[in-house]
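Engineer: So that we are looking at the same thing, I have put the structure below in structure tokens.
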Amino acid sequence: MSIAYNPLVIAANSMIIVPAIVLLLLVAVIYLLKWLLRASPEIEKTEPYKKIPFESANPPKGVGKGKVSFQYFGYLVMFLAMEPAVVLLTFISIVPRTLIFHAILLYLILILVFAPLLAYAAYESKRIKNWILD
């Protein structure tokens with residue numbers, strides 16, 4: 001039996017080496033894009049509002065409609081409800097064939113438990129008036 005087919009070597013390749021290579025490639029692509037898409041110094045000098053913390057770097061015009069305390073509450077709840085489901089999908093992909101039925105059943109139960117939470121989050125994300133401070 002070759003060392004390449006050793007279970008420890010296969011596990012090291014799939015859980016350490018390959019993710020490390022993917023991470024390094026991702027970081028390299030990000031730095032390459034950052035370098036390619038850098039701003040021109042001439043534009044930076046002619047834009048006085050570029051570094052000032054306005055909404056979308058635009059100067060304010062008139063009075064604001066109201067202060068919003070926590071406008072994105074619904075989206076936060078949606079993220080917190082969906083994150084375990086996405087993580088469980090990765091575990092389902094590595095489950096042995098003998099346990100795949102139980103893993104899928106667990107995933108479906110998780111979806112059923114989180115469905116009301118997702119519905120509530122979608123409802124709350126549309127009710128912005130409740131979060132305006134006046």
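The values are calculated or read from the model by the stated rules, or taken from the named source; none is laboratory data. Keep in mind that this is a model prediction, so the values were computed, not measured. As a convention, Cβ positions derive from the backbone with ideal geometry for all residues, glycine included, and neighbour counts pool all protein chains shown.
Engineer: Kindly establish whether Val95 is β-branched (Val, Ile, Thr), surrounded by 11 or more Cβ atoms within 10 Å (Cβ to Cβ) and under 30 Å from Pro19 (Cβ atoms).
Structural biologist: yes
Engineer: Pull up the stretch 1-25, narrow it to residues that are among the aliphatic types (A, V, I, L, M) and loosely packed, with under 10 Cβ neighbours inside 10 Å, then point me to the one that is farthest from Thr90 (Cα to Cα).
Structural biologist: Let us first name the residues in the stretch 1-25 that are among the aliphatic types (A, V, I, L, M), namely 1, 3-4, 8-12, 15-18, 20-25.
From what's left, loosely packed, with under 10 Cβ neighbours inside 10 Å: 1, 3-4, 8.
Details: Met1: 30, Ile3: 27, Ala4: 25, Leu8: 20 Å.
Top of the filtered list is Met1.
Engineer: Given (1) part of a helix (DSSP H, G or I); (2) over 19 Å from Ile94 (Cβ atoms), identify the lone condition not met by Arg38.
Structural biologist: (1)
Here is a yes/no grid of residues against (1) among the aromatic types (Phe, Trp, Tyr); (2) at pLDDT 80 or above; (3) surrounded by 10 or more Cβ atoms within 10 Å (Cβ to Cβ):
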site	(1), (2), (3)
Glu47	no, no, yes
Lys61	no, no, no
Gly66	no, no, yes
Val113	no, yes, yes
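Engineer: While we're here: Tell me which residues, restricted to the stretch 72-106, are assigned to a helix (DSSP H, G or I) and polar (S, T, N, Q).
Structural biologist: Of the residues in the stretch 72-106, the ones assigned to a helix (DSSP H, G or I) are 73-92, 97-106.
Scanning the stretch 72-106 gives Thr90, Thr98.
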